[in-house]
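J.: Provided herewith is a single structure, encoded as structure tokens, for subsequent inquiry.
The values are calculated or read from the model by the stated rules, or taken from the named source; none is laboratory data. Quantities reported herein were computed from a predicted structural model and do not represent experimental measurements. So basically every Cβ, Gly included, is an ideal-geometry build from the backbone, and we count neighbours across all protein chains shown.
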Amino acid sequence: MCRVVVIKVSGWTKKKLFTVGFKGRKRRALLWRKSVYEEWFECAKIAQAQGIKIPDQFGDLSQFDFESWWKHPDYGFELFCEPFMELIHVLDSPPESITDGHLLLDINLNADEDKLIDVVTRLIKKRQGKRVEYVSKALFQPSKVMRNLKRDSLKQRRKAWQHMAGGMKHKDIVVKLGLIPKSIVVDSDLYETFMLSALRKLSRYKRAFNKSLRNIPQGTFP
């Protein structure tokens with residue numbers, strides 16, 4: 001038994017796409033991890049509460065926590081996902097023509113499965129040649145690639161900013177966020193050295209989060 005298969009072989013990606021599905025919606029992909037979008041939501045929520053203009057598409061964030069906003073059919077995931085893309089289409093008969101960037105195969109399904117996968121994989125790699133980076137087509141996109149976005153760092157910046165905005169003393173914030181190792185003895189010279197370093201880090205956190213707040217109206221983060 002043979003099947004005719006059309007496979008798209010150009011413009012694909014070395015980047016990791018995270019496929020997500022919701023009931024009643026087509027499965028689509030995210031180019032960044034969900035945790036980045038969660039911090040984006042929290043930052044946008046703070047911005048909106050501060051009277052900073054955020055994109056209308058985000059809605060009234062005061063009415064949501066992140067999970068309810070993420071799953072809402074008009075917000076969350078829908079703002080950040082890549083358009084639906086059908087990678088493989090099995091045909092009942094050969095087409096009259098195929099579009100650029102596609103490869104027409106006639107696969108003998110009676111062959112060994114592992115062998116078929118190996119042959120097709122090598123063929124695709126050969127036809128693709130030099131692979132290009134996938135360019136996101138999402139409506140809203142983070143400003144940095146995933147490898148440069150660490151959730152813990154983004155969350156620390158936000159928490160530090162929130163504590164400072166709430167009037168907490170900076171040294172108390174350092175302790176609250178655990179910026180000094182617990183093994184360092186309090187009131188020792190070494191502790192003071194670590195404290196100075198941690199206080200400088202807090203200043204960097206504040207500047208970074210303020211920059212994120214300024215980026216929110218532009219539709220990007222951080």
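J.: Before we move on, is residue 171 on the phi < 0 side of the Ramachandran plot and loosely packed, with under 10 Cβ neighbours inside 10 Å?
T.: Numbers: on the phi < 0 side of the Ramachandran plot: yes; loosely packed, with under 10 Cβ neighbours inside 10 Å: no.
In short, no.
J.: Taking residue 62 and the conditions (1) surrounded by 10 or more Cβ atoms within 10 Å (Cβ to Cβ); (2) out of contact with any Cys (no Cβ under 8 Å at 6 or more places or on another chain), which numbered condition does it fall short on, given that it satisfies the others?
T.: The single condition residue 62 does not satisfy is (1).
J.: Among the residues of region 148-192, how many are closer than 14 Å to residue 212 by Cα and of a type outside the set (Lys, Arg)?
T.: Result for region 148-192: 7.
J.: Which pairs turn up if I take residues in region 79-105 that are farther than 30 Å from residue 37 by Cα and look for partners that are surrounded by 11 or more Cβ atoms within 10 Å (Cβ to Cβ) and hydroxyl-bearing (Ser, Thr, Tyr) with beta carbon separation below 6 Å, at least 6 apart in sequence or on another chain?
T.: Final answer for the pair search is 101/10.
J.: Please work out if residue 45 is surrounded by 12 or more Cβ atoms within 10 Å (Cβ to Cβ) and either more than 30 Å from residue 102 (Cα to Cα) or at pLDDT 95 or above (or both).
T.: yes
J.: State which residue is nearest to residue 69 (Cα to Cα) when the search covers only region 85-106 and only residues that are of a type in the set (A, V, I, L, M, F, W, C) and outside any strand (DSSP E or B).
T.: Restricting to residues being of a type in the set (A, V, I, L, M, F, W, C) and outside any strand (DSSP E or B), the top hit is 85.
J.: Can you work out which of the residues in region 183-218 that are over 23 Å from residue 162 (Cβ atoms) and not hydroxyl-bearing (Ser, Thr, Tyr) is nearest to the chain's Cα centre (by Cα)?
T.: Per the criteria, the residue is 184.
J.: With respect to residue 82, determine if the residue is in a loop (DSSP other than H, G, I, E, B) and exposed (fewer than 15 other Cβ atoms within 10 Å of the Cβ).
T.: Criteria not met by residue 82.
J.: Mind listing whichever residues of region 173-198 are in a loop (DSSP other than H, G, I, E, B) and either acidic (Asp, Glu) or in contact (Cβ under 8 Å) with a residue 12 or more places away in the chain (or both)?
T.: 177, 179, 180, 181, 187 - these are the residues of region 173-198 that are in a loop (DSSP other than H, G, I, E, B) and either acidic (Asp, Glu) or in contact (Cβ under 8 Å) with a residue 12 or more places away in the chain (or both).
J.: Something else: Would you tally the residues in region 111-155 being part of a helix (DSSP H, G or I), touching a helix residue (DSSP H, G or I) at 6+ places or on another chain (Cβ under 7 Å) and modelled with pLDDT under 95?
T.: 1
J.: Between a first residue in region 154-172 that is closer than 19 Å to residue 33 by Cβ and touching a residue at least 12 places away in the same chain (Cβ under 8 Å) and a second residue that is among the hydroxyl-bearing types (Ser, Thr, Tyr) and crowded, with 19+ Cβ neighbours inside 10 Å, which pairs have beta carbons less than 8 Å apart while being 6 or more apart in sequence or on different chains?
T.: Matching pairs, first to second residue: 156/205; 157/205; 157/212.
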